[in-house]
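A.B. asks: My structure is below; once you've seen it, I'll send some questions.
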Amino acid sequence: MKTKEEIINIIEDEGVEFIRLQFTDMYGNLKNLAVTPSQMDRVLDNRYSFEAADVFADAYEAEDELYLYPDPDSFVILPWRPQQGKVGRFQCDVRFKDGSDFFMDPRTVLKRVLKEASDKGYTFYVDPECEFFLFNTDENGNPTNDTPEKAGYMDVGPIDFGENARRDMVLMLEEMGFEVESSHHEKAPGQHEIDFKETEALKSADSITMFKFAVRSIAKRFGLYATFMPKPKADAAGSGMHLNISLYKNDHDLFRDASAEDGISKEARYFMGGIMAHAGALCAITNPTVNSYKRIITGYEAPQYISWARSGGNPMIKVKDPYDEVKIELRFPDASANPYLALAVCIAAGLDGMEQCTDPGEEASVTCRNSNAVKLPSDLKEAAMAMKDDPFMEHVLTRDFVRAYTEAKLSEWDEYMKQVSDWEIDRYLYRM
(Lines give C-alpha, C1' and ligand atoms only; values in the text may rest on other atoms or scores of the structure.)
Protein backbone atom coordinates (compact mmCIF):
# COMPACT_ATOMS: atom_id res chain seq x y z
CA MET A 1 0.00 0.00 0.00
CA LYS A 2 1.28 3.45 -0.90
CA THR A 3 2.14 5.62 2.08
CA LYS A 4 0.93 9.18 2.62
CA GLU A 5 4.43 10.47 1.92
CA GLU A 6 4.73 8.49 -1.33
CA ILE A 7 1.46 9.89 -2.66
CA ILE A 8 2.39 13.46 -1.79
CA ASN A 9 5.77 12.97 -3.50
CA ILE A 10 4.06 11.64 -6.65
CA ILE A 11 1.73 14.64 -6.73
CA GLU A 12 4.66 17.04 -6.37
CA ASP A 13 6.97 15.25 -8.82
CA GLU A 14 4.29 14.88 -11.52
CA GLY A 15 2.93 18.41 -11.18
CA VAL A 16 -0.57 17.29 -10.24
CA GLU A 17 -2.74 20.33 -9.55
CA PHE A 18 -6.18 18.78 -9.12
CA ILE A 19 -7.30 15.64 -7.27
CA ARG A 20 -10.69 13.98 -7.61
CA LEU A 21 -12.12 12.02 -4.67
CA GLN A 22 -14.52 9.56 -6.29
CA PHE A 23 -17.13 7.11 -5.03
CA THR A 24 -20.40 5.63 -6.28
CA ASP A 25 -23.96 5.91 -5.08
CA MET A 26 -25.97 2.71 -4.70
CA TYR A 27 -27.00 2.79 -8.37
CA GLY A 28 -23.38 2.91 -9.59
CA ASN A 29 -23.34 6.60 -10.56
CA LEU A 30 -19.85 8.00 -10.08
CA LYS A 31 -19.69 10.93 -7.66
CA ASN A 32 -16.85 13.34 -7.21
CA LEU A 33 -15.35 15.92 -4.87
CA ALA A 34 -12.32 17.82 -6.20
CA VAL A 35 -9.48 19.38 -4.23
CA THR A 36 -6.06 20.91 -4.84
CA PRO A 37 -2.72 19.53 -3.56
CA SER A 38 -2.71 22.02 -0.69
CA GLN A 39 -5.48 19.94 0.90
CA MET A 40 -3.72 16.55 0.71
CA ASP A 41 -3.04 16.30 4.45
CA ARG A 42 -6.75 16.75 5.06
CA VAL A 43 -7.64 14.30 2.26
CA LEU A 44 -5.33 11.56 3.54
CA ASP A 45 -6.51 12.09 7.11
CA ASN A 46 -10.06 11.30 5.90
CA ARG A 47 -11.45 14.70 6.82
CA TYR A 48 -13.50 15.47 3.69
CA SER A 49 -17.23 15.06 4.15
CA PHE A 50 -20.59 15.58 2.46
CA GLU A 51 -24.24 15.49 3.52
CA ALA A 52 -25.60 11.94 3.42
CA ALA A 53 -29.03 12.98 2.17
CA ASP A 54 -27.51 14.82 -0.81
CA VAL A 55 -26.29 11.56 -2.36
CA PHE A 56 -28.12 8.72 -0.61
CA ALA A 57 -31.51 10.36 -0.08
CA ASP A 58 -33.36 7.36 -1.53
CA ALA A 59 -31.74 5.14 1.05
CA TYR A 60 -30.72 7.25 4.01
CA GLU A 61 -32.60 10.29 5.26
CA ALA A 62 -30.65 11.07 8.43
CA GLU A 63 -28.86 14.40 8.50
CA ASP A 64 -25.45 12.83 9.00
CA GLU A 65 -22.19 13.87 7.47
CA LEU A 66 -20.39 11.08 5.66
CA TYR A 67 -16.62 11.02 5.23
CA LEU A 68 -14.48 9.99 2.27
CA TYR A 69 -11.70 7.50 2.97
CA PRO A 70 -9.45 7.39 -0.11
CA ASP A 71 -7.77 4.09 -0.94
CA PRO A 72 -4.08 5.00 -1.38
CA ASP A 73 -3.48 2.20 -3.88
CA SER A 74 -6.27 3.53 -6.13
CA PHE A 75 -4.46 6.80 -6.85
CA VAL A 76 -3.79 7.34 -10.57
CA ILE A 77 -3.08 10.28 -12.83
CA LEU A 78 -5.67 10.71 -15.58
CA PRO A 79 -3.67 10.65 -18.83
CA TRP A 80 -6.34 12.31 -20.97
CA ARG A 81 -6.29 15.44 -18.86
CA PRO A 82 -3.81 18.33 -19.50
CA GLN A 83 -0.15 17.46 -19.04
CA GLN A 84 0.37 20.93 -17.60
CA GLY A 85 -1.66 20.91 -14.42
CA LYS A 86 -2.30 17.17 -14.24
CA VAL A 87 -5.36 15.61 -12.61
CA GLY A 88 -5.26 12.63 -10.24
CA ARG A 89 -7.99 10.62 -8.62
CA PHE A 90 -8.69 8.30 -5.68
CA GLN A 91 -11.43 5.72 -5.27
CA CYS A 92 -12.93 6.24 -1.82
CA ASP A 93 -14.88 4.34 0.79
CA VAL A 94 -17.74 6.17 2.51
CA ARG A 95 -17.83 6.04 6.30
CA PHE A 96 -19.33 7.74 9.31
CA LYS A 97 -17.36 10.37 11.22
CA ASP A 98 -16.12 7.82 13.77
CA GLY A 99 -14.67 5.66 10.97
CA SER A 100 -17.36 2.98 11.10
CA ASP A 101 -18.69 1.60 7.82
CA PHE A 102 -21.62 3.26 6.08
CA PHE A 103 -23.82 0.31 5.19
CA MET A 104 -25.18 1.93 2.01
CA ASP A 105 -21.74 2.36 0.44
CA PRO A 106 -21.45 -0.19 -2.42
CA ARG A 107 -17.67 -0.55 -2.09
CA THR A 108 -18.08 -1.28 1.61
CA VAL A 109 -20.71 -3.93 0.84
CA LEU A 110 -18.28 -5.74 -1.48
CA LYS A 111 -15.43 -5.45 1.03
CA ARG A 112 -17.64 -7.01 3.70
CA VAL A 113 -18.50 -9.99 1.47
CA LEU A 114 -14.85 -10.47 0.49
CA LYS A 115 -13.78 -10.27 4.16
CA GLU A 116 -16.17 -13.12 4.99
CA ALA A 117 -14.73 -15.10 2.08
CA SER A 118 -11.16 -14.33 3.14
CA ASP A 119 -11.88 -15.53 6.67
CA LYS A 120 -12.63 -18.94 5.11
CA GLY A 121 -9.41 -18.87 3.12
CA TYR A 122 -11.00 -17.92 -0.22
CA THR A 123 -9.65 -15.45 -2.77
CA PHE A 124 -11.79 -14.42 -5.73
CA TYR A 125 -10.43 -13.17 -9.03
CA VAL A 126 -12.58 -11.50 -11.68
CA ASP A 127 -11.95 -10.52 -15.27
CA PRO A 128 -14.80 -8.53 -16.79
CA GLU A 129 -15.87 -8.23 -20.41
CA CYS A 130 -17.34 -4.75 -20.77
CA GLU A 131 -19.39 -3.77 -23.82
CA PHE A 132 -20.44 -0.25 -24.75
CA PHE A 133 -21.68 1.83 -27.68
CA LEU A 134 -20.06 4.86 -29.30
CA PHE A 135 -22.69 7.20 -30.72
CA ASN A 136 -22.69 10.60 -32.37
CA THR A 137 -23.61 13.73 -30.45
CA ASP A 138 -25.95 16.42 -31.74
CA GLU A 139 -25.03 20.02 -32.59
CA ASN A 140 -25.25 20.93 -28.88
CA GLY A 141 -22.99 18.08 -27.80
CA ASN A 142 -25.85 16.04 -26.35
CA PRO A 143 -25.84 12.25 -26.82
CA THR A 144 -27.89 10.49 -29.49
CA ASN A 145 -28.22 6.80 -30.31
CA ASP A 146 -27.19 7.36 -33.92
CA THR A 147 -24.15 5.94 -35.67
CA PRO A 148 -23.47 6.05 -39.42
CA GLU A 149 -21.28 2.95 -39.39
CA LYS A 150 -22.27 -0.55 -40.52
CA ALA A 151 -19.48 -2.49 -38.84
CA GLY A 152 -20.06 -5.87 -37.19
CA TYR A 153 -18.18 -8.40 -35.09
CA MET A 154 -14.38 -7.88 -35.17
CA ASP A 155 -14.53 -5.64 -38.25
CA VAL A 156 -11.66 -3.20 -38.79
CA GLY A 157 -11.29 0.33 -40.09
CA PRO A 158 -12.33 2.08 -42.20
CA ILE A 159 -15.61 0.15 -41.65
CA ASP A 160 -15.11 0.46 -37.89
CA PHE A 161 -15.51 4.20 -37.30
CA GLY A 162 -14.61 3.88 -33.60
CA GLU A 163 -11.25 2.20 -34.12
CA ASN A 164 -9.14 5.28 -33.33
CA ALA A 165 -11.14 6.13 -30.22
CA ARG A 166 -10.93 2.55 -28.99
CA ARG A 167 -7.16 2.51 -29.58
CA ASP A 168 -6.70 5.63 -27.45
CA MET A 169 -8.88 4.12 -24.74
CA VAL A 170 -6.67 1.04 -24.59
CA LEU A 171 -3.43 3.05 -24.55
CA MET A 172 -4.64 5.38 -21.82
CA LEU A 173 -6.05 2.52 -19.73
CA GLU A 174 -2.65 0.82 -19.88
CA GLU A 175 -0.99 4.08 -18.89
CA MET A 176 -3.14 4.00 -15.74
CA GLY A 177 -2.03 0.45 -14.90
CA PHE A 178 -4.68 -1.67 -16.63
CA GLU A 179 -3.46 -4.81 -18.37
CA VAL A 180 -5.73 -4.85 -21.41
CA GLU A 181 -5.98 -8.31 -22.93
CA SER A 182 -7.94 -7.46 -26.07
CA SER A 183 -10.31 -5.00 -27.70
CA HIS A 184 -12.54 -5.28 -30.73
CA HIS A 185 -15.69 -4.14 -32.46
CA GLU A 186 -18.76 -6.02 -31.26
CA LYS A 187 -21.77 -7.31 -33.19
CA ALA A 188 -23.90 -4.17 -33.43
CA PRO A 189 -22.96 -1.03 -35.36
CA GLY A 190 -21.19 1.32 -32.95
CA GLN A 191 -20.71 -1.39 -30.32
CA HIS A 192 -17.29 -2.16 -28.79
CA GLU A 193 -15.65 -4.36 -26.16
CA ILE A 194 -12.46 -3.96 -24.14
CA ASP A 195 -11.33 -6.83 -21.88
CA PHE A 196 -8.74 -6.51 -19.14
CA LYS A 197 -6.81 -9.10 -17.17
CA GLU A 198 -8.22 -10.70 -14.06
CA THR A 199 -7.49 -9.16 -10.68
CA GLU A 200 -8.76 -9.69 -7.15
CA ALA A 201 -12.46 -8.92 -6.91
CA LEU A 202 -12.28 -5.52 -5.18
CA LYS A 203 -9.65 -4.22 -7.58
CA SER A 204 -11.71 -5.53 -10.48
CA ALA A 205 -14.76 -3.55 -9.33
CA ASP A 206 -12.56 -0.47 -8.93
CA SER A 207 -11.25 -1.09 -12.45
CA ILE A 208 -14.73 -1.32 -13.97
CA THR A 209 -15.67 1.99 -12.30
CA MET A 210 -12.49 3.63 -13.58
CA PHE A 211 -12.96 2.01 -17.00
CA LYS A 212 -16.42 3.53 -17.47
CA PHE A 213 -15.16 6.97 -16.45
CA ALA A 214 -12.17 6.71 -18.81
CA VAL A 215 -14.16 5.43 -21.79
CA ARG A 216 -16.73 8.23 -21.53
CA SER A 217 -14.05 10.88 -21.10
CA ILE A 218 -11.91 9.71 -24.02
CA ALA A 219 -14.92 9.26 -26.32
CA LYS A 220 -15.81 12.91 -25.75
CA ARG A 221 -12.43 13.95 -27.15
CA PHE A 222 -13.45 12.31 -30.44
CA GLY A 223 -16.83 14.06 -30.51
CA LEU A 224 -18.54 10.79 -29.56
CA TYR A 225 -20.67 9.67 -26.64
CA ALA A 226 -19.93 6.36 -24.91
CA THR A 227 -22.93 4.70 -23.28
CA PHE A 228 -23.24 1.59 -21.15
CA MET A 229 -27.02 1.55 -21.57
CA PRO A 230 -27.94 -2.15 -21.96
CA LYS A 231 -30.18 -1.81 -25.03
CA PRO A 232 -29.95 1.57 -26.77
CA LYS A 233 -31.13 0.22 -30.17
CA ALA A 234 -34.25 -1.90 -30.54
CA ASP A 235 -32.95 -3.77 -33.59
CA ALA A 236 -29.42 -4.50 -32.35
CA ALA A 237 -27.70 -6.57 -29.69
CA GLY A 238 -27.39 -5.04 -26.23
CA SER A 239 -24.34 -4.48 -24.03
CA GLY A 240 -23.48 -6.99 -21.35
CA MET A 241 -20.93 -7.02 -18.56
CA HIS A 242 -19.86 -10.65 -18.41
CA LEU A 243 -18.05 -11.47 -15.16
CA ASN A 244 -15.52 -14.32 -15.26
CA ILE A 245 -14.97 -15.51 -11.69
CA SER A 246 -12.26 -17.87 -10.43
CA LEU A 247 -11.81 -19.05 -6.84
CA TYR A 248 -8.60 -20.03 -5.07
CA LYS A 249 -7.69 -21.39 -1.66
CA ASN A 250 -4.04 -21.81 -0.75
CA ASP A 251 -3.14 -21.20 -4.41
CA HIS A 252 -5.38 -24.09 -5.44
CA ASP A 253 -8.05 -23.61 -8.13
CA LEU A 254 -11.20 -24.68 -6.27
CA PHE A 255 -13.32 -24.71 -9.42
CA ARG A 256 -11.13 -27.33 -11.12
CA ASP A 257 -11.08 -31.04 -10.35
CA ALA A 258 -8.64 -32.94 -12.54
CA SER A 259 -10.14 -36.25 -11.45
CA ALA A 260 -13.64 -35.32 -12.62
CA GLU A 261 -14.60 -36.40 -16.12
CA ASP A 262 -15.49 -32.84 -17.14
CA GLY A 263 -12.84 -31.15 -14.98
CA ILE A 264 -15.45 -29.27 -12.93
CA SER A 265 -15.26 -29.49 -9.13
CA LYS A 266 -18.18 -29.90 -6.78
CA GLU A 267 -17.36 -26.44 -5.39
CA ALA A 268 -17.89 -24.97 -8.86
CA ARG A 269 -21.20 -26.78 -9.20
CA TYR A 270 -22.43 -25.64 -5.81
CA PHE A 271 -21.25 -22.08 -6.52
CA MET A 272 -23.33 -22.07 -9.72
CA GLY A 273 -26.21 -23.62 -7.81
CA GLY A 274 -26.24 -20.79 -5.29
CA ILE A 275 -26.33 -18.15 -8.01
CA MET A 276 -29.09 -19.98 -9.86
CA ALA A 277 -31.12 -20.38 -6.65
CA HIS A 278 -31.15 -16.60 -6.11
CA ALA A 279 -31.06 -15.55 -9.78
CA GLY A 280 -34.36 -13.68 -9.80
CA ALA A 281 -33.37 -11.54 -6.83
CA LEU A 282 -29.83 -10.99 -8.11
CA CYS A 283 -31.19 -9.52 -11.33
CA ALA A 284 -32.46 -6.47 -9.46
CA ILE A 285 -28.77 -5.64 -8.88
CA THR A 286 -27.11 -7.12 -11.99
CA ASN A 287 -29.80 -5.88 -14.40
CA PRO A 288 -30.99 -2.78 -12.58
CA THR A 289 -32.96 -0.75 -15.13
CA VAL A 290 -36.18 -0.95 -17.09
CA ASN A 291 -34.04 -1.09 -20.22
CA SER A 292 -32.03 -4.06 -18.91
CA TYR A 293 -34.84 -6.50 -19.66
CA LYS A 294 -35.01 -5.45 -23.30
CA ARG A 295 -31.54 -6.98 -23.70
CA ILE A 296 -32.30 -10.46 -22.34
CA ILE A 297 -34.79 -11.45 -25.03
CA THR A 298 -34.83 -13.96 -27.86
CA GLY A 299 -32.65 -13.31 -30.88
CA TYR A 300 -29.72 -11.33 -29.49
CA GLU A 301 -27.48 -13.96 -27.82
CA ALA A 302 -28.30 -12.88 -24.30
CA PRO A 303 -29.44 -15.40 -21.66
CA GLN A 304 -33.10 -15.86 -20.87
CA TYR A 305 -33.11 -19.02 -18.77
CA ILE A 306 -31.66 -19.88 -15.36
CA SER A 307 -29.23 -22.43 -16.72
CA TRP A 308 -25.59 -23.41 -16.99
CA ALA A 309 -23.53 -25.02 -19.72
CA ARG A 310 -19.97 -25.54 -20.88
CA SER A 311 -20.57 -24.39 -24.43
CA GLY A 312 -23.28 -23.45 -26.91
CA GLY A 313 -26.60 -21.74 -26.48
CA ASN A 314 -27.11 -18.75 -24.22
CA PRO A 315 -26.90 -20.00 -20.63
CA MET A 316 -26.86 -17.47 -17.80
CA ILE A 317 -23.72 -19.23 -16.52
CA LYS A 318 -20.99 -20.73 -18.68
CA VAL A 319 -18.10 -22.87 -17.42
CA LYS A 320 -14.90 -21.96 -19.25
CA ASP A 321 -11.56 -23.78 -19.74
CA PRO A 322 -12.31 -26.88 -17.66
CA TYR A 323 -8.87 -28.40 -18.35
CA ASP A 324 -6.83 -25.35 -17.37
CA GLU A 325 -8.05 -22.68 -14.93
CA VAL A 326 -11.79 -23.04 -14.49
CA LYS A 327 -13.79 -19.84 -14.58
CA ILE A 328 -17.48 -19.35 -13.93
CA GLU A 329 -18.70 -16.82 -16.48
CA LEU A 330 -21.81 -14.91 -15.42
CA ARG A 331 -23.42 -13.84 -18.69
CA PHE A 332 -26.59 -12.18 -17.39
CA PRO A 333 -25.24 -8.94 -15.80
CA ASP A 334 -25.37 -5.88 -18.00
CA ALA A 335 -23.20 -2.83 -18.30
CA SER A 336 -25.52 -0.56 -16.26
CA ALA A 337 -24.94 -2.54 -13.06
CA ASN A 338 -23.04 -1.15 -10.10
CA PRO A 339 -19.94 -3.42 -10.24
CA TYR A 340 -19.44 -3.43 -6.46
CA LEU A 341 -22.97 -4.59 -5.74
CA ALA A 342 -23.08 -7.00 -8.69
CA LEU A 343 -19.94 -8.79 -7.54
CA ALA A 344 -21.00 -8.67 -3.88
CA VAL A 345 -24.36 -10.36 -4.35
CA CYS A 346 -23.14 -12.88 -6.93
CA ILE A 347 -20.12 -13.95 -4.88
CA ALA A 348 -22.25 -14.14 -1.72
CA ALA A 349 -24.86 -16.25 -3.54
CA GLY A 350 -22.15 -18.58 -4.83
CA LEU A 351 -20.68 -18.98 -1.36
CA ASP A 352 -24.16 -19.69 0.00
CA GLY A 353 -24.50 -22.40 -2.62
CA MET A 354 -21.19 -23.93 -1.52
CA GLU A 355 -22.30 -23.92 2.11
CA GLN A 356 -25.72 -25.37 1.30
CA CYS A 357 -24.38 -27.80 -1.36
CA THR A 358 -26.93 -26.40 -3.82
CA ASP A 359 -27.31 -28.58 -6.90
CA PRO A 360 -27.33 -26.54 -10.14
CA GLY A 361 -29.14 -29.32 -11.99
CA GLU A 362 -28.25 -30.82 -15.33
CA GLU A 363 -26.21 -28.97 -17.89
CA ALA A 364 -28.48 -27.14 -20.32
CA SER A 365 -29.02 -28.31 -23.85
CA VAL A 366 -27.82 -26.24 -26.78
CA THR A 367 -31.04 -24.25 -26.73
CA CYS A 368 -30.94 -23.84 -22.91
CA ARG A 369 -34.60 -24.84 -22.88
CA ASN A 370 -34.65 -27.85 -20.60
CA SER A 371 -38.15 -28.91 -19.68
CA ASN A 372 -37.62 -27.68 -16.12
CA ALA A 373 -35.70 -24.50 -16.98
CA VAL A 374 -37.01 -21.33 -15.35
CA LYS A 375 -36.79 -17.96 -17.07
CA LEU A 376 -34.95 -14.98 -15.69
CA PRO A 377 -37.24 -12.08 -14.69
CA SER A 378 -38.99 -10.52 -17.65
CA ASP A 379 -38.96 -6.98 -16.28
CA LEU A 380 -37.61 -4.76 -13.52
CA LYS A 381 -40.73 -5.08 -11.37
CA GLU A 382 -40.46 -8.87 -11.30
CA ALA A 383 -36.78 -8.65 -10.34
CA ALA A 384 -37.39 -6.04 -7.62
CA MET A 385 -40.18 -8.14 -6.12
CA ALA A 386 -37.92 -11.21 -6.18
CA MET A 387 -35.26 -9.23 -4.34
CA LYS A 388 -37.79 -7.98 -1.81
CA ASP A 389 -39.03 -11.52 -1.13
CA ASP A 390 -35.62 -13.23 -0.85
CA PRO A 391 -34.29 -13.12 2.77
CA PHE A 392 -30.81 -13.89 1.45
CA MET A 393 -30.58 -10.41 -0.06
CA GLU A 394 -31.20 -8.81 3.33
CA HIS A 395 -28.45 -10.97 4.78
CA VAL A 396 -25.97 -9.63 2.21
CA LEU A 397 -27.13 -6.03 1.86
CA THR A 398 -29.03 -5.33 5.12
CA ARG A 399 -32.77 -4.87 5.47
CA ASP A 400 -32.61 -1.10 5.14
CA PHE A 401 -30.63 -1.33 1.90
CA VAL A 402 -33.07 -3.82 0.36
CA ARG A 403 -36.06 -1.73 1.41
CA ALA A 404 -34.66 1.48 -0.01
CA TYR A 405 -33.36 -0.11 -3.19
CA THR A 406 -36.52 -2.04 -4.05
CA GLU A 407 -38.71 0.99 -3.31
CA ALA A 408 -36.60 3.04 -5.72
CA LYS A 409 -36.73 0.38 -8.42
CA LEU A 410 -40.47 -0.17 -8.09
CA SER A 411 -40.94 3.60 -8.33
CA GLU A 412 -38.81 3.58 -11.48
CA TRP A 413 -41.06 0.86 -12.90
CA ASP A 414 -44.22 2.80 -12.02
CA GLU A 415 -42.83 5.89 -13.72
CA TYR A 416 -42.05 3.85 -16.84
CA MET A 417 -45.56 2.38 -16.91
CA LYS A 418 -47.07 5.88 -16.97
CA GLN A 419 -45.37 6.61 -20.29
CA VAL A 420 -47.08 6.14 -23.66
CA SER A 421 -44.54 5.04 -26.27
CA ASP A 422 -44.44 5.69 -30.00
CA TRP A 423 -44.94 1.94 -30.49
CA GLU A 424 -48.25 2.08 -28.63
CA ILE A 425 -49.45 5.04 -30.68
CA ASP A 426 -48.46 3.33 -33.94
CA ARG A 427 -49.99 0.02 -32.87
CA TYR A 428 -53.29 1.10 -31.31
CA LEU A 429 -54.31 4.65 -32.16
CA TYR A 430 -55.77 3.95 -35.58
CA ARG A 431 -57.42 0.69 -34.44
CA MET A 432 -59.36 1.99 -31.49
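A.B. asks: Straight-line reach from Lys233: which aspartates and glutamates have a Cα under 13 Å away, not including same-chain ones fewer than 8 places off?
C.D. replies: Asp146
A.B. asks: If Val290, Val126, Val156 are ordered by their accessible area, calculated over protein heavy atoms with a 1.4 Å probe, which sequence runs from highest to lowest?
C.D. replies: So, going from the largest accessible area down, we get Val156, Val290, Val126.
A.B. asks: Rounded, prolate or oblate: pick one for the stretch 72-190, where a ≥ b ≥ c are the square roots of the eigenvalues of its C-alpha gyration tensor, a/c under 1.5 means rounded, and failing that, prolate if a/b is larger than b/c, else oblate.
C.D. replies: The shape class here is prolate.
A.B. asks: While we're here: For the stretch 70-80, take each phi angle, set θ = phi - 60°, evaluate the Karplus expression 6.51 cos²θ - 1.76 cosθ + 1.60, and give the result in whole Hz per residue in order, putting x for glycine and proline.
C.D. replies: For the stretch 70-80, the Karplus-derived couplings read x, 7, x, 6, 8, 5, 9, 9, 7, x, 8 Hz, x marking Gly and Pro.
A.B. asks: Let's test the formula: R0 of 41 Å, r as the Cβ-Cβ distance of Ala260 and Arg399. What FRET efficiency results, to the nearest 0.05?
C.D. replies: The computed FRET efficiency comes out at 0.55.
A.B. asks: When ligands, DNA and RNA are left out and all protein chains stay put, how many square angstrom of accessible area per residue does the chain have with a 1.4 Å probe?
C.D. replies: Ligands and nucleic acids excluded, the result is 46 Å² per residue.
A.B. asks: Another question about this same structure. Give me P(r) over the stretch 132-184, computed from all C-alpha to C-alpha distances, binned every 10 Å, as integer percentages.
C.D. replies: For the stretch 132-184, the pair-distance distribution reads 21, 43, 31, 4.
A.B. asks: Here is a follow-up. Carbon and sulfur: what percent of the chain's accessible surface (1.4 Å probe)?
C.D. replies: 46
A.B. asks: Also: Could you tell me what percent of the DSSP beta bridges with both partners in the chain are antiparallel, to the nearest 5? Please list the in-between numbers first.
C.D. replies: Numbers: 56 of 64 bridges.
Taking every DSSP beta bridge with both residues in the chain, the antiparallel ones total about 90 percent.
A.B. asks: If you don't mind, another one. Shape call for the stretch 174-309 from the C-alpha gyration tensor, a ≥ b ≥ c root eigenvalues: rounded (a/c under 1.5), prolate (a/b greater than b/c) or oblate?
C.D. replies: Oblate.
A.B. asks: Using only protein heavy atoms and a 1.4 Å probe, report how much of Arg81 is accessible, in Å² to the nearest 10.
C.D. replies: 90
A.B. asks: Provide Glu193, Glu407 ordered by accessible surface of protein heavy atoms (probe 1.4 Å), highest first.
C.D. replies: Glu407, Glu193
A.B. asks: Same structure, new question: Would you mind giving the three semi-axes, in whole Å and largest first, of the ellipsoid equivalent to the stretch 1-147 according to its Cα gyration tensor?
C.D. replies: Taking √(5λ) for each eigenvalue gives 26, 24, 19 Å, largest first.
A.B. asks: Hey, which aspartates and glutamates would be in cross-link range of Lys294, C-alpha to C-alpha under 13 Å, not counting anything within fewer than 8 residues on its own chain?
C.D. replies: Leaving aside aspartates and glutamates fewer than 8 places away in the same chain, those within reach of Lys294 are Asp235, Asp334, Asp379.
A.B. asks: Let me ask something additional. Starting with the highest mean, order 142-148, 102-108, 419-425 by the number of other Cβ atoms within 10 Å, averaged over the residues of each peptide.
C.D. replies: My ranking of the peptides, most packed first, is 102-108, 142-148, 419-425.
A.B. asks: Counting only DSSP beta bridges with both residues in the stretch 1-137, tell me the antiparallel percent, nearest 5.
C.D. replies: Just about 75 percent of them are antiparallel.
A.B. asks: Let me ask you something else. State which entries of Lys203/Lys231; Lys31/Lys197; Lys203/Lys409; Lys97/Lys327 exceed 31 angstrom in Cα-Cα distance in the structure shown. Before the final figure, lay out the partial values.
C.D. replies: Values: Lys203/Lys231 27 Å; Lys31/Lys197 26 Å; Lys203/Lys409 27 Å; Lys97/Lys327 40 Å.
Among Lys203/Lys231; Lys31/Lys197; Lys203/Lys409; Lys97/Lys327, the Cα-Cα distance tops 31 Å for Lys97/Lys327.
A.B. asks: Can you tell me which of 215-224, 336-345 comes out highest on packing, and rank the rest after it, using the mean Cβ neighbours within 10 Å?
C.D. replies: 336-345, 215-224
A.B. asks: Then there's this: Return the FRET efficiency for the residue pair Met417, Glu17: r is the Cβ-Cβ distance, R0 is 56 Å, and the value is rounded to the nearest 0.05. Numbers along the way, then the final one.
C.D. replies: Values: r = 48 Å, r/R0 = 0.86.
Taking R0 as 56 Å, the efficiency between Met417 and Glu17 is 0.70.
A.B. asks: In square nanometres, what is one fourth of the surface area of the convex hull spanned by the alpha carbons of the chain?
C.D. replies: Details: hull surface 94.7 nm².
So the mean shadow area of the Cα hull is 23.7 nm².
The values are calculated or read from the model by the stated rules, or taken from the named source; none is laboratory data. This is a predicted model, so every value here is computed, not measured. Ideal geometry is used to build each Cβ from the backbone, glycine not excepted, and the neighbour counts take in all protein chains shown. The area values use the complete protein model at the heavy-atom level, side chains included, leaving out ligands, DNA and RNA. Shrake-Rupley method; radii C 1.70, N 1.55, O 1.52, S 1.80 Å.
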